[in-house]
Amino acid sequence: MSGLLEALSDALETTETGASFEASLAALTRDYGYEYYAYLGLGAKICARSNYPAAWQSDYMIRSYFSIDPVVTKAREILRPFHWSAANYRDDQNRLIDDFFTRAAKFNIRSGLSFPISIGLGGIAILTVASRHDAVTSGLEIDPVLAAATVGHIHAQLRNRRGANGSMLVQLKPEEAVCLTWYAQGKSFRDIATIEGMKYSNVCFHMSNARKKLNASTSAQAAVHATRLKLIPGPNPKAYRPVMDS
């Protein structure tokens with residue numbers, strides 16, 4: 001696996017744009033026996049780059065899988081390279097996780113390697129290569145220093161690309177967007193409940209869901225992420241009223 005990391009590092013030195021590097025990343029992923037790659041930058045700016053099938057990316061967004069993805073969860077917990085396999089996460093007691101991997105398998109996503117690094121202020125960047133096989137070779141040695149350096153280089157290359165896509169990760173419900181919008185304007189949870197005619201507990205519920213979807217540890221951070229992703233208006237909107245589901 002060090003060979004892939006070294007090849008990626010070489011590709012970063014020779015490509016001139018993020019787009020050409022992504023093409024190299026896809027080609028190198030295939031050369032080393034994997035079908036897909038996915039890069040996630042989860043910090044002040046959320047960035048997603050992947051060659052996963054569009055239908056899976058859509059599924060991931062619509063079903064809010066980002067908030068329960070066990071690979072992302074483990075990456076946060078250990079912050080070092082690791083192998084993963086759907087078979088290791090099967091859990092009859094957790095239908096969400098089971099459903100996640102069942103659907104992923106339909107797109108030939110069954111196992112892989114993930115390389116997470118810390119990017120400061122509680123953020124992480126993760127490079128994942130995924131395979132259609134039920135298990136990757138877990139005995140392969142991974143140089144953690146080389147992995148961290150390579151993923152850090154990739155993060156620097158892709159994080160400021162114009163058009164960085166967060167849509168694979170986040171889709172807010174209208175109620176979540178409304179609550180976040182008012183919060184971004186300085187309103188408290190109780191203020192929002194009064195303004196919107198909601199129960200205070202419902203405001204807490206919608207804000208909690210929004211924080212999970214936006215990978216935010218605080219409501220303020222969630223509001224910043226949502227604004228930067230253009231999921232809610234910027235400061236001082238003239239009017240904002242999403243259409244609520246009836």
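Residue-level check: of (1) within 28 Å of L79 (Cα to Cα); (2) in contact with a Phe, Trp or Tyr (Cβ under 6 Å, 6 or more places away or on another chain); (3) modelled with pLDDT of 85 or more, I192 misses just (1). Among the residues of region 94-103, is there at least one that is in contact (Cβ under 8 Å) with a residue 40 or more places away in the chain and within 28 Å of G3 (Cα to Cα)? No; the residues of region 94-103 include none that is in contact (Cβ under 8 Å) with a residue 40 or more places away in the chain and within 28 Å of G3 (Cα to Cα).
Looking at Y52, Y60, Y65, can you tell me which residue is within 30 Å of A210 (Cβ to Cβ), open to solvent by less than 60 Å² (accessible area, probe 1.4 Å) and either among the basic types (K, R) or at pLDDT 90 or above (or both)?
Details: Y60 fails: either among the basic types (K, R) or at pLDDT 90 or above (or both); Y65 fails: either among the basic types (K, R) or at pLDDT 90 or above (or both).
So the residue among Y52, Y60, Y65 that is within 30 Å of A210 (Cβ to Cβ), open to solvent by less than 60 Å² (accessible area, probe 1.4 Å) and either among the basic types (K, R) or at pLDDT 90 or above (or both) is Y52.
The set of residues in region 217-234 being closer than 15 Å to T181 by Cβ, in a loop (DSSP other than H, G, I, E, B) and within 17 Å of the chain's Cα centre (by Cα) consists of L229, K230, L231. Going by the conditions given, is S201 assigned to a helix (DSSP H, G or I) and open to solvent by less than 60 Å² (accessible area, probe 1.4 Å)? So S201 does not fit the description; no.
Within region 219-239, if we keep just the residues that are open to solvent by 70 Å² or more (accessible area, probe 1.4 Å) and not basic (K, R), the residue that is modelled with the highest pLDDT turns out to be P235. Kindly establish whether K173 is open to solvent by 60 Å² or more (accessible area, probe 1.4 Å) and modelled with pLDDT under 90. In short, yes.
Residues in region 1-33 that are part of a loop (DSSP other than H, G, I, E, B) and either in contact with a Phe, Trp or Tyr (Cβ under 9 Å, 6 or more places away or on another chain) or modelled with pLDDT under 85 (or both): M1, T15, E16, T17. Residues in region 56-89 that are in contact with a Phe, Trp or Tyr (Cβ under 7 Å, 6 or more places away or on another chain) and farther than 17 Å from L40 by Cβ: A86, Y89.
Let's see how each residue does on (1) at pLDDT below 90; (2) assigned to a loop (DSSP other than H, G, I, E, B); (3) surrounded by 13 or more Cβ atoms within 10 Å (Cβ to Cβ):
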position	(1), (2), (3)
A87	yes, no, no
F100	no, no, yes
R103	no, no, yes
L113	no, no, yes
I124	yes, no, yes
H133	no, yes, yes
T137	yes, yes, no
H153	yes, no, yes
N160	yes, yes, no
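K187 passes every criterion in (1) modelled with pLDDT of 90 or more; (2) outside any loop (DSSP other than H, G, I, E, B) apart from (2).
The values are calculated or read from the model by the stated rules, or taken from the named source; none is laboratory data. Since this is a predicted model, take the numbers as computed values, not measurements. A quick note on method: Cβ atoms are made from the backbone with ideal geometry, for glycine too, and the neighbour counts reach across all protein chains shown. These area figures cover heavy atoms from the full protein model, side chains too; ligands, DNA and RNA do not enter into them. Shrake-Rupley method; radii C 1.70, N 1.55, O 1.52, S 1.80 Å.
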